[in-house]
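A short reminder: the numbers here are calculations on the coordinates, not readings from a lab. Note that the structure is a prediction, hence the values are computed from the model and not measured. As a convention, Cβ positions derive from the backbone with ideal geometry for all residues, glycine included, and neighbour counts pool all protein chains shown.
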Amino acid sequence: MKKRNSETLFNLSGARKESESPQSTAPLLEIDGVSFGYDGHPLLYDIHMRVNAGEMVGLLGPNGSGKTTLLRLISGVLHPQQGRMLLQGRDLQAWGRRGIARRIAVVPQELHVPFAFTVEEMVNLGRTPFIGLLGSRSKQDANIVQEAMQSTEITPLARRIFNELSGGERQRVVIAMALAQQPSLLLLDEPTSHLDIKYQIEILELVQQLNHRLGVTVIAAMHDLNLAARYFPRLLLFQRGIIADDSPAEVLDPQLLRRVYGVNVQVGILRGATHLSVLPPGEEEQEIEREKRSRPRVHLMAGGGSGELLMRALADAHIPFTAGALNIGDSDHALATRLAGEVITEQPYAPISTAALEQVRASLTRASLLVLCPMPVGPGNLALLQEAASAAKRGVAVLMFAPAGTASQAATEESQTAEGTLLQRTGIAMRDYTKGEGLKLVQEMLQAGARVVDSVGEAIQIAKQYS
């Protein structure tokens, strides 16, 4: 790639002038509390992210985690059902379709063209947002198209038919077409998913050069964790929400990847390499994981931030635990996804479903200790307490965490008994929004031998006995 050509295109696009303008201190892209779903089923929930001009951001996550949907929201094809999206400090939809197309370009996974367009004709399509009503292209348009082709090194292919090119060549053409839009932001949806390793490297090297030399901001959905670690300084891990947003060293954590992808991996730097690599575990690591899974487990029920202290303490003490069911968007859900061995997940604002309850029941069958955090109890999660009470009656040990300040201050005749004192210490009377149903279930668990503790240290000492 010739530096002179890149600089010429850069000056024509004006991208750096916009991003470096002293009058603009806002991030290039800001997503504030965005939620979106299809047919009433939430897919993305409460997304918050800021992308500054010149960044390269990789989006990771299993199939169905919402990566492509997020790119469609950013490109303006879809509209958020909640929250807002700002482009250069202005509401995205306020730019209008033409205004968005002049600032954001999209490279899809595959582009099917029903006509026998040449490569040059394809790249010319990138100038469409800048063409007037008469449809005439200026000399500047022609120059920008030529520079885009030179920057992506496809000039020798100019007269070739697009549909007759190899996969890697077609992807370069699509990137050139996007570049001809003079974008401030380039969105790529798994740009290497259908390419062999040679073209995967070439395409990502090209994108990296465009970012470094032209200052084009890049957001790309990636499925290859190793390529993501090599080419993207910032990674976002998705599971219907942002689970992690940091450097590859922080996001590509083996435990975190296992929770999100459901597979055990090793992460490290291979001899002679400079980037993190994600590999299948060796036999020794697999055996360790099998032993961990076969050991008695601790299951934790929480919600509304009530489990934060104990989850962090359990993780610090290296006590494996499962958690749930927790609603997407709940702060306890986000933390459990990072710390728990398994998280039973429910949709936001939804009551606990039959499927989630079956998972809870299965987890409690394997658990030797159930930890109940001081979560509010309402009609939506009352079924969790019912499962907890059933587990207690079956002999599962139950630990109720009731830190100072959660206990009820009401004094009644019943509270003068030992059982009444324990019930008061749980604080359930202050958190029960089920007309007393939750209180009755807690009372049943206390009668079955549940213990009440008010300190994290005591809870951890008890948990160690069961881990």
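Quick look at the numbers
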quantity: Cα lying deepest toward the dipole's positive end in the stretch 3-247, options ALA105, ALA244, PRO80, charges on Cβ; calculated: ALA105
quantity: For the stretch 3-247: relative contact order, % (alpha-carbon pairs under 8 angstrom, 6 or more apart); calculated: 30 percent
quantity: LEU279 versus SER353: modelled label distance in nm, points set 7 Å from Cα along the beta carbon direction; calculated: 3.8 nm
quantity: Cα extents of the stretch 3-247 along the three principal axes, largest first (Å); calculated: 46, 42, 35
quantity: By average C-beta atoms within 10 angstrom, highest first, the peptides 357-366, 334-343; calculated: 334-343, 357-366
quantity: Net charge dipole size for the stretch 3-247 [Lys, Arg +1 and Asp, Glu -1 on Cβ; Debye, nearest 20]; calculated: 640 debye
quantity: Taking HIS41, HIS194 and counting other C-beta atoms within 10 Å, the order from fewest to most; calculated: HIS41, HIS194
quantity: Evaluated over the stretch 49-114, the Cα radius of gyration and Dmax, each in Å; calculated: 13.0, 38
quantity: Amide H contacts of LEU78 (H built 1.01 Å from N, under 5 Å, at least 5 apart or other chain); calculated: LEU73
quantity: Relative contact order of the chain, defined on C-alpha pairs under 8 angstrom at six or more residues apart (%); calculated: 13 percent
quantity: Cut-off under 5 Å, modelled amide H: who pairs with ALA244 long-range; calculated: LEU237
quantity: Extended-chain gain in nm, criterion 0.36 nm per residue less alpha-carbon gap, GLU250 and SER390; calculated: 46.4 nm
quantity: Placed amide H near ASP330: partners under 5 Å, 5+ positions off or other chain; calculated: none
quantity: Sorted by Cβ density within 10 Å, fewest first, the residues ILE197, ILE175, ILE460; calculated: ILE197, ILE460, ILE175
quantity: Inter-label distance for PHE115 and THR421, nm, one decimal - labels placed 7 Å from Cα along Cα-to-Cβ; calculated: 8.6 nm
quantity: Fraction of antiparallel bridges per DSSP, the chain only, in percent to nearest 5; calculated: 40 percent
quantity: The chain - Debye-derived log10 I(q)/I(0), Cα point model, q = 0.08, 0.09 Å⁻¹; calculated: -0.59, -0.71
quantity: Helix runs (DSSP H) in the chain reaching 20 Å along axis by Cα, Kyte-Doolittle at least -0.5; calculated: 197-214
quantity: Residues ASN143 and ASP196, FRET efficiency given R0 of 30 Å [Cβ-Cβ distance, rounded to 0.05]; calculated: 0.35
